[in-house]
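The values are calculated or read from the model by the stated rules, or taken from the named source; none is laboratory data. Note that the coordinates shown come from a computational prediction; the quantities given were computed from them, not determined experimentally. Cβ atoms come from the backbone with ideal geometry, glycine included; neighbour counts cover every protein chain shown. The protein model used for the area step is the full one, side chains on, heavy atoms only, and it has no ligands, DNA or RNA in it. Shrake-Rupley method; radii C 1.70, N 1.55, O 1.52, S 1.80 Å.
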Amino acid sequence: MRRSRGATVVLTAASALVAVSVFLPLWWVFASSMRPGNSYVEHMTPLSWLAFVPLGGDVTNYAALGSGAFLLGLFNSFLVAGLTIVLGLAIAIPAAYALATMEFRGRGIVFSFIIIVAMIPFDAIAIPLSSLFQGWGLSDSYAGLVLPALANGFAIFVLRQFFMGVPRELIDAAEVDGLGRLGTLWRIILPLSKPSLIGAGMMLFLSQWQAYLWPLLIGTSPERQLAPIVLANLSTAFTVDLGQILAGSFVLSIIPMILLLFFQRQYTESLSTTGLKG
């Protein structure tokens, strides 16, 4: 009993330390964003505890962001991420269902190929791919921003693993009742797969939300720029308003954190099933 309590105390303390180490930099960004201009540096050399307290702060930086191009960039980021989730799931669901339930020659090879391709860093092929998109007339368009993120191998992997956990007897019974493959997917599999759908959707969302190089290459006009590109453009050769940059960084960081917190249980459940079956 004492050993169990001691282990609980140690694990709790370690968890609290990790949580603080992750949260503290974000809190510093927020506290600094509440100070006008570059005044946050006053407490940085030497580092003072006042750097983490937004004393005398205001929302000037956030108001400036809202009245500039950042708001349009934020809208574009939500639009592109939303389209990526909807269209990406429309591709990943049938692909994962086929790989999980259908027996065909080369199924293992196809699945292995999908995983291997997913492990290649996208930035390694972004520049030659952007040249192809320009030749196809897809540069500076929402389609050009969305298309490369649709076939997400990790989303297919998460869904496939969850689909393989559905009892085969349930699928066979549904097909015997005349539902067919699509009917079984729509009426039986998907209602049971909400955690995996949320997990795959979060993967698709995060892949777009944190993207920088591809939007920089393909979304050239101000009307198509995503929020990270707009935020980077606040730093020019002549002026650098770090207060606004920190405010924008906090906004871009807190949005996925809120989504992950809201869907924490489903997202964790979706990841916990990925290693159950091969």
Discussion item. Let me confirm something: among Leu204, Leu231, Leu179, Leu226, which residue is over 18 Å from Val251 (Cα atoms), of a type in the set (A, V, I, L, M) and modelled with pLDDT of 85 or more?
Written reply: Leu204
Discussion item. Show me the helices (runs of 4 or more DSSP H) entirely contained within segment 171-241 in which 1 or more residues are charged (D, E, K, R) and open to solvent by 60 Å² or more (accessible area, probe 1.4 Å).
Written reply: 180-184, 194-209
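Determine which member of the set Leu11, Leu50 is open to solvent by less than 70 Å² (accessible area, probe 1.4 Å), modelled with pLDDT under 90 and farther than 30 Å from Ser207 by Cβ.
When all the criteria are applied, what remains is Leu50.
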Practice prompt. Identify, from the list Phe78, Phe133, Phe30, the residue that is surrounded by 13 or more Cβ atoms within 10 Å (Cβ to Cβ), out of contact with any Phe, Trp or Tyr (no Cβ under 7 Å at 6 or more places or on another chain), touching a residue at least 24 places away in the same chain (Cβ under 8 Å) and aromatic (Phe, Trp, Tyr).
Written response: Phe133
Practice prompt. Might you let me know whether segment 252-271 holds any residue that is modelled with pLDDT of 75 or more, assigned to a helix (DSSP H, G or I) and either of a type in the set (Gly, Ala, Ser) or touching a Gly at 6+ places or on another chain (Cβ under 8 Å) (or both)?
Written response: yes
Discussion item. Here are the criteria: (1) more than 28 Å from Pro215 (Cα to Cα); (2) surrounded by fewer than 14 Cβ atoms within 10 Å (Cβ to Cβ); (3) within 27 Å of the chain's Cα centre (by Cα). Tell me which single one Asp123 does not satisfy.
Written reply: (1)
Worksheet item: Picking from Pro25, Pro36, which residue would you name as being part of a helix (DSSP H, G or I) and either over 25 Å from Gly219 (Cβ atoms) or open to solvent by 80 Å² or more (accessible area, probe 1.4 Å) (or both)?
Response: Pro25
